[in-house]
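The values are calculated or read from the model by the stated rules, or taken from the named source; none is laboratory data. Bear in mind that the values here come from a model prediction, so they are computed numbers and not experimental data. Because the Cβ atoms are built from the backbone with ideal geometry, glycine has one as well, and the counts that use them run over all protein chains shown. For accessibility, only protein heavy atoms count, side chains too; no ligands or nucleic acids. Shrake-Rupley method; radii C 1.70, N 1.55, O 1.52, S 1.80 Å.
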Amino acid sequence: MSRIGVFVCHCGENISRTVDVERVAAQVGMLPGVAFSTDYKYMCSDPGQTLLKRAIQEQRLSHVVVAACSPRMHEKTFRKAVEAAGLNPFLCEMANIREHCSWVHEDKQEATEKAIEIVGMMVERVKKNRVLPTITVPVTKRSLVIGGGIAGIQAALDIADAGHEVVLVEREPSIGGHMAQLSETFPTLDCSQCIMTPKMVDVANHPKIKLYTYAEIEHVEGYIGNFQVTVRKKARSVDEDRCTGCGVCMEKCPIKKIPNKFDCNRGMRPAIYVPFPQAVPNTPVIDREHCTKFRTGKCGLCQKVCGPGAVDYEQEDQLIVEPVGAIVVATGFDLYSIAEKPKGSPIKGYGEFGHGKLPDVIDGMTFERLASASGPTGGKILRPSDGKEPKQIVFIQCVGSRAREKGISYCSKICCMYTAKHTMLYHHKVHDGQAYVFFMDARTPGKNYDEFWRRSIEEEEAVYIRGMVSRLYQKDDKIVVMGSDISVGVQVEIEADMVVLATAVQPQAGAELLAQKLGISYDKYNFYSEAHAKLRPVECATAGIYLAGACQGPKDIPDTVSQASAAAAKVMTLFAKDKLEREPVVAKVKDAGCVGCFYCKKVCPYGAVEEKEMRDRQGNLVKVVAYVNPGVCGGCGTCQATCPSKSVELDGYTDEQIVAMIEAL
């Protein structure tokens, strides 16, 4: 006979404001099998858990139901408490009377009645719960980091410094990401490359880090502790082991007029190139789309002048399989380019502000490259159209961001600060120049950020105009910017020499496809989703995969580095044990009923369903049935819902339990 204990939580006033928790406790205490029932203000607190443990021992309880918030929030907490009191943790269930009652109902009577029914259902369900043993799986103590920007570099170095091997994969020819493109960083105005390039070199020289650049993730299999990742290492057409980085091939290459993506297409590069002088690795790559040798079969000059014989036109892509136990995703961000609408993009607003049409209307990253000493102008602020120094610059904030009507409703978070930085850099380089900033409001949430923003106005003489730009057009060699200053209620018209747009931060191209390969969730903008916004901000819902940096949402450098170290700490925690314990809520196949249709295999999002041969005593094949690998199964129940012969059951969600819950209503 079951002796069930029911513990009803007030959740402060979150639940008790709408649900009569005392009545719920009293009512469910009369249900058959319930031996003890009580309520408490904060059941998840230490006194609440102590109450639960003491009741299990004093009342000799066999099962527990906690009526509180969502199981996603505190199920682990209460199962640990139950286990500490001597019960199997999977004999504890949670009834969600917060999200399902108090947060969605206003009528206290109705919410209380509903709460009583929900708790009653869970009482009937927990009676059918079985003792489940925890599943243990071995852990491969190597990790994969996807993305070689500051987030990926920081995570890789932290994990490697802890003594674990790291495979770092970057799709560009060099690591460094967007931070390598920046001139200076806010709020300290220190040189971005001066703080970035030493870390890039550390990655290249670290004995525990295996670096793949110009490479992409092809395929991911497995589960937490045991992933098999296939990496496509694209052909550079240059042997990395032989190349000395002398640069003669780049000097001799006759094709030198290719726009350099690293310089936002403001500078030129040859067909065989490294993205920037401080690139890591300092090994060139041949741009096969523009190389004469690959286009016509002629030339071949780079191979002729290469002393070590590193240029290899026959080199092909390689597929390399790497076993890893954890994955850190740090793919970073890209900027919203409003010049040309990508095919299939749901975002509206392309072609605004003359971007892509007027040569002197540029975005923030292009301004960074103009201001950088390693940029196409050697650090001089010059107009793209005629190379003259602009004496008046207009900066326009929130281009794309916070515009629901155009499809981007979020704040890009960093634009207010980097625009303030741009006004300072401009004033430092063009002393007689004047910067104007059109803005809606200033968002400066960070240490010394607000002081930095004020400095741009009070000391660097930037003029901030609260209002949006309504029209922008070319007039002779000037760009006329028309807007309004809503602070004083007047129309404003400025004849600018250059306009800089603070365009929205977006996920990298291909983020959606990578998420599907990894089996992680993402939002409508293709930013990756964390397991819990407050309590698990660097974990994915898919166990063993962690997030770092702007692939999750817009972030500045300090937040990105913090999150990368947090993700690395999660990986090190995982690697602290040789074997990993995981919840046994997995699907099982009844061999006798399985007809081998393998519908379950087709729908399984985790790839957990395998084929198992059934043989008689003589070794003859009788039939092939489905088998669920418990180490891979995510416990989603899709196979159970799909199986036409009802041969699959999910532990903790059996048909018997579901029927018992329905009959309790």
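State which residue pairs qualify: first residue within 18 Å of Ile393 (Cβ to Cβ) and open to solvent by less than 30 Å² (accessible area, probe 1.4 Å) and inside segment 442-460, second residue modelled with pLDDT of 95 or more and among the β-branched types (Val, Ile, Thr) in any location, beta carbons under 8 Å apart, and separation of 6 or more residues or different chains.
Close Cβ pairs satisfying both conditions: Ser456/Thr423; Glu460/Thr423.
Mind listing whichever residues of segment 509-540 are in contact (Cβ under 8 Å) with a residue 24 or more places away in the chain, within 26 Å of Met417 (Cβ to Cβ) and open to solvent by less than 50 Å² (accessible area, probe 1.4 Å)?
Hits for segment 509-540 are Ala511, Tyr525, Phe527, Tyr528, Val538.
Just name the residue that is surrounded by the fewest Cβ atoms within 10 Å (Cβ to Cβ) out of those in segment 150-184 that are assigned to a strand (DSSP E or B) and at pLDDT 95 or above.
First, the residues of segment 150-184 that are assigned to a strand (DSSP E or B): 165-169, 184.
With the extra rule that they be at pLDDT 95 or above, the set shrinks to 165-169.
Details: Glu165: 18, Val166: 28, Val167: 22, Leu168: 29, Val169: 26.
Across segment 150-184, the extreme among qualifying residues is Glu165.
Find the strands (runs of 3 or more DSSP E) located wholly in segment 17-128 whose residues include 2 or more that are open to solvent by less than 60 Å² (accessible area, probe 1.4 Å) and within 17 Å of Met661 (Cβ to Cβ), and list them.
63-68, 92-96
If a residue must be open to solvent by 30 Å² or more (accessible area, probe 1.4 Å) and in contact (Cβ under 8 Å) with a residue 60 or more places away in the chain, how many such residues does segment 244-262 contain?
The total comes to 2.
If you go through segment 341-354 one residue at a time, do you hit one that is open to solvent by 30 Å² or more (accessible area, probe 1.4 Å) and at pLDDT 90 or above? Don't jump to the end; show me each part of the working.
Taking segment 341-354 and keeping what is open to solvent by 30 Å² or more (accessible area, probe 1.4 Å), we get 341-344, 346, 348, 350, 352-353.
Narrowing the set further to residues that are at pLDDT 90 or above leaves none.
Taking every residue of segment 341-354 in turn, none turns out to be open to solvent by 30 Å² or more (accessible area, probe 1.4 Å) and at pLDDT 90 or above.
Tell me, which residue of segment 280-304 that is β-branched (Val, Ile, Thr) and surrounded by 15 or more Cβ atoms within 10 Å (Cβ to Cβ) is farthest from Lys199 (Cα to Cα)?
Among those that are β-branched (Val, Ile, Thr) and surrounded by 15 or more Cβ atoms within 10 Å (Cβ to Cβ), it is Thr292.
Against the conditions (1) touching a strand residue (DSSP E or B) at 6+ places or on another chain (Cβ under 7 Å); (2) open to solvent by less than 20 Å² (accessible area, probe 1.4 Å), where does Gly375 fall short? Just the number, please.
(1)
Consider Ile381 carefully, then state whether it is open to solvent by less than 10 Å² (accessible area, probe 1.4 Å), part of a loop (DSSP other than H, G, I, E, B), of a type in the set (A, V, I, L, M, F, W, C) and out of contact with any Cys (no Cβ under 9 Å at 6 or more places or on another chain).
Yes; evaluated as a whole, the condition is true for this residue.
Of the residues Ser70, Ser62, Ser45, only one is in contact (Cβ under 8 Å) with a residue 60 or more places away in the chain and either within 33 Å of the chain's Cα centre (by Cα) or over 25 Å from Val19 (Cα atoms) (or both); which?
Checking each option against the conditions leaves just Ser62.
Collect the residues in segment 492-528 that are within 12 Å of the chain's Cα centre (by Cα) and in a helix (DSSP H, G or I), keeping them in residue-number order.
Of everything in segment 492-528, those that are within 12 Å of the chain's Cα centre (by Cα) and in a helix (DSSP H, G or I) turn out to be Ala511, Glu512, Leu514, Ala515, Leu518.
Is it the case, given these coordinates, that Thr331 is assigned to a loop (DSSP other than H, G, I, E, B), touching a Gly at 6+ places or on another chain (Cβ under 7 Å), among the hydroxyl-bearing types (Ser, Thr, Tyr) and open to solvent by 20 Å² or more (accessible area, probe 1.4 Å)?
On the way: assigned to a loop (DSSP other than H, G, I, E, B): yes; touching a Gly at 6+ places or on another chain (Cβ under 7 Å): yes; among the hydroxyl-bearing types (Ser, Thr, Tyr): yes; open to solvent by 20 Å² or more (accessible area, probe 1.4 Å): yes.
Here the answer is yes, as Thr331 does meet what is asked.
Determine which member of the set Ala543, Ala567 is assigned to a loop (DSSP other than H, G, I, E, B), open to solvent by less than 60 Å² (accessible area, probe 1.4 Å) and not charged (D, E, K, R).
Answer to the check: Ala543.
Could you say whether any residue in segment 137-149 is without any contact (Cβ under 8 Å) to a residue 60 or more places away in the chain, open to solvent by 40 Å² or more (accessible area, probe 1.4 Å) and not hydrophobic (A, V, I, L, M, F, W, C)? Quick ask: steps written out before the conclusion?
Going residue by residue through segment 137-149, those that are without any contact (Cβ under 8 Å) to a residue 60 or more places away in the chain are none.
No, because not a single residue in segment 137-149 is without any contact (Cβ under 8 Å) to a residue 60 or more places away in the chain, open to solvent by 40 Å² or more (accessible area, probe 1.4 Å) and not hydrophobic (A, V, I, L, M, F, W, C).
Which residue is modelled with the highest pLDDT, if the candidates are limited to segment 192-205 and must be open to solvent by less than 50 Å² (accessible area, probe 1.4 Å) and closer than 24 Å to Ile414 by Cα?
The selected residue is Met200.
Find all pairs meeting these conditions: Cβ atoms under 9 angstrom apart; at least six residues apart or on different chains; first residue within segment 271-298 and assigned to a strand (DSSP E or B); second residue aromatic (Phe, Trp, Tyr) and open to solvent by 20 Å² or more (accessible area, probe 1.4 Å).
Final answer for the pair search is Val285/Tyr214; Val285/Tyr273; Ile286/Tyr273; Ile286/Phe294; Ile286/Tyr313.
In this structure, is Gly634 out of contact with any strand residue (DSSP E or B) (no Cβ under 7 Å at 6 or more places or on another chain) and crowded, with 16+ Cβ neighbours inside 10 Å?
Numbers: out of contact with any strand residue (DSSP E or B) (no Cβ under 7 Å at 6 or more places or on another chain): yes; crowded, with 16+ Cβ neighbours inside 10 Å: yes.
So Gly634 passes the test.
Which numbered condition trips up Ile486, out of (1) closer than 21 Å to Cys416 by Cα; (2) surrounded by fewer than 14 Cβ atoms within 10 Å (Cβ to Cβ); (3) over 38 Å from the mean Cα position of the chain (by Cα)?
The failed condition is (3).
Would you confirm, using the coordinates I've provided, whether Thr503 is open to solvent by less than 10 Å² (accessible area, probe 1.4 Å) and not aliphatic (A, V, I, L, M)?
yes
Test of understanding: among Lys623, Lys646, Lys602, which residue is in a helix (DSSP H, G or I) and surrounded by fewer than 13 Cβ atoms within 10 Å (Cβ to Cβ)?
Only one candidate qualifies: Lys602.
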